[in-house]
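Q: Take this structure first; my questions come after.
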Amino acid sequence: MDTKTLLEWSARYHTPNYGRAPIILVRGDGMRVWDSDGREYLDFGGGLAVVALGHCHPRVTGAIREAAATLLHVSNLYHSAPAIHLAKLLCEHSFAERVFFGNSGAEANEAALKLARKHARERLASDRVEFVAANNSFHGRTLGTLSATGQPKYQHGFEPLVPGFKHVPYNDLRALERAIDNRTAAVIVEPIQGEGGVVVPDDDYLPGVRKLCDAAGALLILDEIQTGIGRTGRLWAYEHAGIEPDIMTVAKALANGVPIGATLCRADVASALGPGSHGSTFGGTPFVCSVALATLSTVIAEKIPENAARMGQELMTGLRALAAKHAVVKDVRGKGLLIGLELSVAAAPVVDACREAGLLILSAGEKVVRLAPPLIVERADCARALAILGAMLAKQAG
Ligand SMILES: Cc1ncc(COP(=O)(O)O)c(C=O)c1O
């Protein structure tokens, strides 16, 4: 089937909720993807911070093949070894003691919110049901996580939202202190706001949030859906801050592109979710857990977060040099391989121009260009990406 016909069918048969670029991607290998007309692209979007080990990594592909030929699905009425091994590996490499598996980031956050509310109602007070979240945050598209999300543009038209969410400015401990009270079940924040424009808080922010939660008896939920699995140069972004959450949500890169979400927590918190209180048909199937196990064990064994830190530095240095040359760049920020370039002009034309020149990048909000390449990225890839981005920024400047 030719590209033009497929694009026509896409418009005719899909719901129109995605603003997709007019290309059809058909194949991937490592840092590169190819479209249906045979054009090659360097992928610095990584499927929205998902493909941490690059496209079609041999260990991931091997795990997919093996799991598909062994046992694809069993219900949660039974145990399955890959889910047990994956939960164990996640606990051994994080603060957590218990794990719940779902299928997406939104589902991981839904589970976190439900868990925190049930924990607070049963252990603290029956009216302790509220959440404090941050302005400009992004936590997902289900009604619950949309209500946690602090960006009205995503909520518009879907009201009424779920009650019980207060929003305060991000990186503002005073505002958070004023918002938390004895009805607060939990505070939910991202260690770095990804969709909101790659906003990195001050170093004392997360430790301050931790202290405020402790003082009020509220749980701290860290949404590491975008920042987790090595993206920021450590396995978990909370490690930079020297604190631990009570609940953490993970998704995106956990199975390198196979859908999965995980809600991690301490054992005393988890005990609020008794048998039958929560569940998901596809959560933790042997198939997806085998793939996640292959992904996470490779990330750990090959010290992938360290590469993210090194290559992040490399990119930052190059981007700062671009910023010094091109006045349209107002700010360069990020950690590891989650990097934002704030422009004085709209980001979308730069993203489009880069794509036409063979580089896939992302936007995050109206004026921020976001880079979230696979964490296996090498120096030569960074040099190529910087060259293309530099040339496209020069055009923007006129
Ligand atoms: C921080 C954060 N939380 C939650 C989500 C929602 O994840 P999903 O799209 O898998 O539901 C995202 C997705 O971009 C995210 O970046």
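FYI, it's all coordinate maths here, none of it is from the lab. Everything numeric here is computed off the predicted structure, so don't read it as measured data. As a convention, Cβ positions derive from the backbone with ideal geometry for all residues, glycine included, and neighbour counts pool all protein chains shown.
Q: If you take the residues of region 200-237 that are touching a Pro at 6+ places or on another chain (Cβ under 6 Å) and in a strand (DSSP E or B), which of them is nearest to the ligand (Cβ to nearest atom)?
A: Across region 200-237, the extreme among qualifying residues is Leu222.
Q: For region 324-338, what are the residues that are among the hydrophobic types (A, V, I, L, M, F, W, C), over 23 Å from Thr227 (Cβ atoms) and either surrounded by fewer than 18 Cβ atoms within 10 Å (Cβ to Cβ) or under 20 Å from the mean Cα position of the chain (by Cα) (or both)?
A: Of everything in region 324-338, those that are among the hydrophobic types (A, V, I, L, M, F, W, C), over 23 Å from Thr227 (Cβ atoms) and either surrounded by fewer than 18 Cβ atoms within 10 Å (Cβ to Cβ) or under 20 Å from the mean Cα position of the chain (by Cα) (or both) turn out to be Ala324, Ala327.
Q: Only residues that are under 21 Å from Gly140 (Cα atoms) and among the hydrophobic types (A, V, I, L, M, F, W, C): list them for region 172-204, please. Break it down into steps so the answer makes sense when it comes.
A: Taking region 172-204 first, the residues under 21 Å from Gly140 (Cα atoms) are 184-201.
Answer for region 172-204, where residues must be under 21 Å from Gly140 (Cα atoms) and among the hydrophobic types (A, V, I, L, M, F, W, C): Ala185, Ala186, Val187, Ile188, Val189, Ile192, Val198, Val199, Val200.
Q: So, in region 115-152, how many residues would count as being at negative phi, among the small types (Gly, Ala, Ser) and within 15 Å of the ligand (Cβ to nearest atom)?
A: The total comes to 7.
Q: Can you find a residue in region 90-107 that is within 16 Å of the ligand (Cβ to nearest atom), crowded, with 16+ Cβ neighbours inside 10 Å and at positive phi? Quick ask: steps written out before the conclusion?
A: Going residue by residue through region 90-107, those that are within 16 Å of the ligand (Cβ to nearest atom) are 100-107.
If we keep only those that are crowded, with 16+ Cβ neighbours inside 10 Å as well, we get 100-107.
In the following step, the residues that additionally are at positive phi were identified as none.
Within region 90-107, none of the residues are within 16 Å of the ligand (Cβ to nearest atom), crowded, with 16+ Cβ neighbours inside 10 Å and at positive phi.
Q: Does region 116-173 hold any residues that are in contact with a helix residue (DSSP H, G or I) (Cβ under 6 Å, 6 or more places away or on another chain), closer than 20 Å to Arg210 by Cβ and surrounded by 23 or more Cβ atoms within 10 Å (Cβ to Cβ), and which are they?
A: His119, Val132, Ala133, His139
Q: All but one of (1) over 19 Å from Pro191 (Cα atoms); (2) within 15 Å of the ligand (Cβ to nearest atom); (3) not in a loop (DSSP other than H, G, I, E, B) hold for Thr249, so report the exception by its number.
A: (1)
Q: Here's a follow-up. Quick check: is even one residue across region 107-115 over 18 Å from Cys265 (Cα atoms) and either part of a loop (DSSP other than H, G, I, E, B) or under 18 Å from the mean Cα position of the chain (by Cα) (or both)?
A: No, region 107-115 has no match at all.
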